[in-house]
Amino acid sequence: MMRKSSWLVLSVLVITSMALSSCGPQPTPAVEVPAEAPTTAPTSAPAAAKEATLSLTSNPESMNPLYASTWYTECVFDLILLPLWNIDDQGQYQMELAQELPTLQNGGISADGLTITLKFRDDANWSDGTPVTADDAVFTYDMTMSDGNGVFSRYPFDTYVESMTAVDPKTLEIKLSSPYADWSTSFFTGISRVLPKHVLQPVFDQEGTLDNAQWNRTANIVNGPFTLTEFVSDDHLTLAANEGYWRGRPKLDTLFIRIFADDAAQLAALQSGQSDIGSYIVGDQIPTLEATGMFETPTSANGYIVTIFMNMDPKTAHPAMTDPNVRRALALAIDRQLIIDQIYNGIYTIPATYWDDTVYDNPDLEPYPFDPEGAKALLDEAGWTVGTDGVREKNGTILSLRYVYISGDDTTDTMVVTFQQMLADVGVKLDIIQNTQEVLWASYGDKGELAIGNYDLTQWSDGMWYFPSPSTSYFLCSEIPSADYPTGYNWFGICDPALEELFAVADIEVDPNKRIDDYHQIGKIMYDQTYIIPIRSDPDVWAVNTRLKDVTFSGVDPLMFAYQWDVK
Amino acid sequence: MTRYIIRRLLQAVPLLVIITALLFILTANLGDPLAAFGGERRRLQPADRARLERQLGLDRPLIEQYAIWLVGNDWMKVDLDGDSIADSYGTRRGVLRGDFGDSFQERRPAIEVIGERIWNTLLLMVASEIIVIILALLVGTFSALHQYSFWDHLITTLSFIGYSMPIFWLALMLIYLFGVNFQRWGLPSLPTVGMYDLSVGPTVGQIALHMLLPLTALSVVSLAAYSRYVRSQMLEVIHQDYIRTAYAKGLSERTVLRGHALKNAALPLVTIVGLDMPLLLGGTVVTEAIFGWPGMGRLFYKASNAGDIPVTMGILFIIAVLVVVFQLITDIVYTYFDPRIRYE
Amino acid sequence: MATASLNADEILTSKPLTPGQVAWKRFLRHRMALVGIWILVGLVLYVALGPLFFSEADANLVDLRQKMSGPSDTHPFGTDMAGRDILARTIYGGQISILIGILAVVVSVTVGVLIGAVAGYFGGIVDSLLMRFTEAMFNIPQLFLLIVLAKFFAGQTPNFTLLGRTYSGSVVIIVGVIGLTSWMYLARIVRSSFLSLKEQEFVTAARATGASDASIIFEHILPSAMAPIIVSATLEVANAILSEAYVSFLGMGVQPPTATWGNMLNEAYNQLEGAPWMWFFPGTLILLIVLAINFVGDGLRDALDPQSLAGAQE
């Protein structure tokens, strides 16, 4: 036998590991309060449980909309928490909690546009049977504005809402402090939802805050098509069909959501059948998916594009970048169609403006062409002449630009080195620097690289935050960060009086056609001045396993049709 | 001995304070955690950013943030509503009272976030260590006893290849062989992601099945290194005089090996294991990421990148404490093995 | 016929072998170490002479239409996702990977030897403090330090030029991080060597002749302690190259467009099946060089360590 001391070591280790593993992995405990519904249950159980698995590549932050901010979390909300309405790919409003969309015609909106009255549907209930009422909405508003809660964002409530009252349990009255054209895409819809007052008010009363509410993780009382059975952070969510959903029980019995660390892991899972629906598929993965023969890849426009932003703030920018001709030359030097075809298998389009593929996109504008000779001509005219090493210079300054971008995506890496090559071909030198969002997007006060202007070019996917609403304050002079205003996010230094005027007008425009026209003009100015260089469209691309049927999506509220999804 | 232990533990306290202070400074420089709120597609509104910085305590000077992290702020008044008047008590109790703060990413106690993951990593790591130690002792001893035989050369060569391979390469090979390709060839395939099949649930069988591939990837590299180590230790030991004496006394090979040689060869192994243990908690980020294993390594990597101070500091603190504790344990266990070592 | 006569005179007058020569002979008997040396020579020639056939611009030449094509006449190793030639990239990437490996070890050996020697030689409070510091460094996970340094210094460290090639500042960061997180083992080894060696007579003699502490440390004791340092340093190079691969895999490696064997593997991560040439070549090269270094290190250990009997048996 082995000497007892060796046994000692081994037995310590064995016992330790047994003790530790018997404590076991701890998934969050299942629902304590059963989701009881007063509706009648189906008389016969279905033959086999219908299950599907959807995968995401980022962890949902919290089940409480007050503390959530990402698209991925919004996807989960589509399944468990109802908004007032959803908007589908055709731009049609589909009512959920609200009976109908308030308009001037039906009296839902007052003549001055400052009072909105809406009625809640009678048959919308929380999963414990309590009806969803206007008090829930008022409660949500109060909680958003309360100082006790560290909510992600108070916008747009803090800017536009003066008060919210429940005229009666089913009627909500919203008083605006100033006209707000986009209220219907941001009030209690999108990432904003209605909270269950009867569950959370006691928590707030007792703790003074909702920050640590149990409900934020377990969401045991909800009102959507599915209920949340389990949420193991960064791993998976388990959702069960909600019998009490006002449209009736969804077709699926169980929906799993798996969370993967990156696209490659999701792709492997799709291929091996461990995920049925893949989210946010990148173009270069399409061939692999098609090769399996098991997938369809529907796309939804979502108002986002991948675009290059530039630093043209005269205080910090490279002298060349303040010249619109130089910026135009950069745009002409990049062969975007080649990139889309080669890297992304041609599934994207080239945008002309920030509002690509919507009514606000100026139809008269064509995307910048690929014209390297034209680029060279523009640069020569601007005084940047080619030096001995092939790099342009002027008055002793070389045209060497700093390109910073957020690391983490292979195709972006390839795209950027391609830019480097294409720009080198016209005599512009590019220094590439990768870093994470936390460093690049830190505020001016935190010496964020972009905020302090320590860059020349950058890129990411951006667009309409409240799609399909077009408004943005990105390009306003007032948003340029400074010591007095360190949190400003116009890191590009764009300050154009013509643009300012148009944005101000468009923001309060109530006539939709005039608004469209305003944005067409805005688009034209940004195009002429080359304030941004759009690269490609960035729609939602899904991978759907053919064993499922009736799986459709929306670019605005991604999973709004989940209650229809079914197994063949 | 007790006095020695107490003295070491007391010495550890100032050491830990200095280490944690240093780590805090490094962690706070990981970038602005608020920058990533909203994901890539949405930026934080300026008013909200200012408010969140205040509510999360990020607008205080670094030294104050560290002090609050250590001892909390529920004993002093802070400004919660932004009017620059400190009129409410804080809510943090500090690490010394067990409160690591709330994770910035997940908006819930960091302890909870870490606690959910710690068992998963321990499970994988401890199982891997046990397998590796047992196999290393067996393989290394065999190799030493049959030095220069064909088997010895084969094992040696395989060992070298084993620890010369980048672990993620090995992991990916395993996935594609046993996961994707087996399935394609109609063979029963091994699961490649997660800890258990979602529709079946976390049963022992499921977890064991899902552990196979990550364990293999982890064990191969360590096994190669440890077995070489055991081999060289055994070689050294079996040529010692006292072993020859034992044989001369008529003891069988088994008794000699297991009684004398193995014990002495195992001693340095204990040292290595003891020192490696706490660092196992960092987990191997890459293995966990590739196999979708919800462990501490991945959490640590994500939290560090996101500048999530409570979670990052929580993990670093735990590692620091464990390093100190395990070094002490190793030194004590040493005395069981080598009676010549005594501490006063 | 007469066998070689054992001439007593010859035996008595032939020179005894120096320790170095003994070590050399023992090394030569270690077959795997010899194989390792040959592989190393081959790889070094590969990265050193490769530039005669390919320029660095060739290695970075993006041609999207050629992307991910398999090995062919124009591209013997195929192309990567941006259409760059993989053969050229493995040459230039190898230069950086090897450079990082060597430089990182230079850093860690320098720090480790200094700290270990001073701690071992002076003992007492100095030893205590330095050993506690070493322990403290164990507490900082390498990955963490890398993330912090990479974020902090990204884009701020200047490029530097060495042997006619310009390297981006991110190389400095990686060298620094790998070097500063792997000196601890060596420091402990050096310290224990010094602890025992400083009691030896030749040290007492040196002190008696009035040699300074620095002189005793570096000129007298250190040469005797070289054996474990050499072995450790050799094996550290292998570890450093693997660390670089690991770090690149996590996306924190050398910035694009510069290639290293590690970040080429990272790019290939998503293309395991579709384009096996993208990972096969850099992966095999990493494996070969690490293997070779490990063989050589093993041989050195057998050759230089007087207590190792493995070499003496033959």
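Under the rule of at least 5 residues apart or a separate chain, name every residue whose amide H is placed under 5 Å from the amide H of A:T229.
Residues meeting the amide H criterion: A:T238, A:L239, A:A240.
With springs connecting C-alpha atoms under 10 Å apart, model chain C as a Gaussian network and identify which of C:Q95, C:Q200, C:Q66 has the largest mean-square fluctuation.
C:Q200
Determine, from the Cβ-Cβ distance of C:D58 and B:I272 and an R0 of 56 Å, the FRET efficiency 1/(1 + (r/R0)^6), rounded to the nearest 0.05. The partial results should precede the final answer.
Details: r = 45 Å, r/R0 = 0.81.
Using R0 = 56 Å, I get an efficiency of 0.80.
How large is ³J(HN,Hα) for each residue in the range B:287-294, as worked out from phi by the Karplus curve 6.51 cos²θ - 1.76 cosθ + 1.60 (θ = phi - 60°), to whole Hz, x for Gly and Pro?
So the Karplus estimates, Gly and Pro as x, are 4, 5, 5, 5, 8, x, 7, x Hz.
If packing is taken as the average number of other Cβ atoms within 10 Å across a peptide's residues, how do B:313-321, C:162-170 rank, most packed first?
Final packing ranking: B:313-321, C:162-170.
Mean projection of the alpha-carbon convex hull of the range A:269-380 over all orientations, in nm²?
Numbers: hull surface 39.0 nm².
Average of the hull's projected areas for the range A:269-380 equals 9.8 nm².
Taking a ≥ b ≥ c as the square roots of the Cα gyration tensor eigenvalues, with a/c under 1.5 meaning rounded and otherwise prolate when a/b beats b/c, else oblate, which class fits the protein assembly as shown? Before the final figure, lay out each step's value.
Details: a/c = 1.92, a/b = 1.55, b/c = 1.23.
It is prolate, given that a/c is not under 1.5 and a/b is the larger ratio.
For the residues A:S186, C:S248, B:S199, what sequence is obtained by ranking on other C-beta atoms within 10 Å, fewest first?
If I rank by nearby Cβ atoms, fewest first, I get B:S199, A:S186, C:S248.
What are the ³J(HN,Hα) couplings of the range B:52-60, residue after residue, when phi is run through the Karplus curve with 6.51, -1.76, 1.60 and θ = phi - 60°? Round to Hz, x for glycine and proline.
5, 4, 6, 5, 8, x, 7, 9, 7
Cα to Cα, under 14 Å, and not fewer than 8 places away if on the same chain: which aspartates and glutamates meet these conditions relative to A:K514?
Output for A:K514: A:D361.
Tell me the Kirkwood radius of the range C:56-170: reciprocal of the mean inverse pair distance over distinct alpha-carbon atoms, in Å.
17.9
Under the classification rounded if a/c is under 1.5, otherwise prolate if a/b is larger than b/c and oblate if not, where does chain A fall, given a ≥ b ≥ c as square roots of the Cα gyration tensor eigenvalues? Mind dumping the intermediate values first?
Details: a/c = 1.81, a/b = 1.30, b/c = 1.39.
Taking the square roots of the gyration eigenvalues as a ≥ b ≥ c, chain A is oblate.
Please list the non-local residues whose amide H lies under 5 Å from the amide H of A:Y304, H modeled 1.01 Å from N, same-chain partners needing a gap of 5 or more.
A:M464, A:D538
List the pairs from C:K15/C:K198; A:K50/A:K119; A:K447/B:K77; A:K119/A:K175; A:K429/B:K302; B:K263/C:K25 whose alpha-carbon separation is above 26 Å, in the order I gave them.
Result: C:K15/C:K198; A:K50/A:K119; A:K447/B:K77; A:K429/B:K302; B:K263/C:K25 exceed 26 Å.
Would you order B:F178, C:F249 from fewest to most other beta-carbon atoms within 10 Å of each residue's own beta-carbon? Don't jump to the answer; show the numbers that get you there.
Values: B:F178 19, C:F249 24.
Listing B:F178, C:F249 from fewest to most nearby Cβ atoms yields B:F178, C:F249.
Relative to the Cα centre, what is the charge dipole magnitude of the protein assembly as shown, using +1 at the beta carbon of each Lys and Arg, -1 at the beta carbon of each Asp and Glu, and rounding to the nearest 20 debye?
Here the protein assembly as shown has a charge dipole of around 5840 debye.
Work out from phi, with θ = phi - 60° and the Karplus expression 6.51 cos²θ - 1.76 cosθ + 1.60, the ³J(HN,Hα) of each residue of the range A:550-562, listed in order in whole Hz, and give x for Gly and Pro.
Taking θ as phi minus 60°, the curve returns 6, 9, 10, 10, 10, x, 8, 10, x, 9, 4, 9, 4 Hz for the range A:550-562.
For the residue pair A:A483 and A:D431, what label-to-label distance in nm results when each label sits 7 Å from Cα along the Cα-to-beta-carbon direction?
2.6
How compact and how long is the range A:304-538, expressed as Rg and Dmax of its alpha-carbon atoms in Å?
Every Cα atom of the range A:304-538 included, Rg and Dmax give 17.4, 57 Å.
For the range C:202-289, go through all pairs of different Cα atoms, get the mean of 1/r, take its inverse, and jot down that Kirkwood value in Å.
16.1
Post the alpha-carbon centroid distance, the range C:138-198 to the range B:97-161, in whole angstrom.
When both Cα centres are located, 25 Å separates them.
Assuming a ≥ b ≥ c are the square roots of the Cα gyration tensor eigenvalues, decide whether the range B:9-122 counts as rounded (a/c under 1.5), prolate (otherwise, with a/b larger than b/c) or oblate.
Since a/c reaches 1.5 but b/c is at least a/b, the shape of the range B:9-122 is classed as oblate.
Using alpha carbon centroids, what distance separates the range A:472-505 and the range A:302-360, in Å?
Between the Cα centres of the range A:472-505 and the range A:302-360 lies a distance of 19 Å.
For the range A:113-247, state the average projected area of the convex hull of the C-alpha atoms over all orientations, rounded to one decimal in nm².
Here the figure is 8.8 nm², rounded to one decimal.
When a footprinting reagent is the concern and you count Cβ atoms within 10 Å, what order do A:L450, B:L16 take, fewest first? Don't skip to the end; give the middle numbers.
Working: A:L450 22, B:L16 17.
Listed from fewest to most nearby Cβ atoms, that is B:L16, A:L450.
Mark the label point 7 Å from the Cα of A:K514 along Cα→Cβ and return the residues of the range A:172-194 whose backbone N is within less than 18 Å of it.
A:178-183
Simple spin-label model, 7 Å along Cα-to-Cβ: A:S300 to B:T330 in nm?
Result: 5.4 nm between the two label points.
Against the 2.2 N^0.38 Å scaling, with N counting residues, where does chain C land? I'd like the Cα-based Rg ratio to two decimal places.
1.21
If we restrict to alpha carbons, what Rg and Dmax does the range B:52-92 come to, in Å?
9.5, 26
Is it possible to state the helix-based mean residue ellipticity at 222 nm for the protein assembly as shown, with each DSSP H run of 4+ residues giving -39500 (n - 2.57), the sum divided by total residues, to the nearest 500 deg cm²/dmol? What is it?
The helix contribution divided over the protein assembly as shown gives -15000 deg cm²/dmol.
Suppose R0 equals 51 Å; then what is the FRET efficiency for B:I131 and C:D73 from their Cβ-Cβ distance, rounded to the nearest 0.05? Walk me through the intermediate numbers first.
Values: r = 48 Å, r/R0 = 0.93.
The computed FRET efficiency comes out at 0.60.
Amide H neighbours of A:T349 under 5 Å, at least 5 residues apart or on other chains, H built in the peptide plane: list them.
A:S537
Taken together, the values in this text are just the output of simple stated rules run on the coordinates, not laboratory data. All of these numbers come straight from a predicted model, not from anything done at the bench. Glycine also receives a Cβ, built like all others from the backbone with ideal geometry; neighbour counts cover every protein chain displayed.
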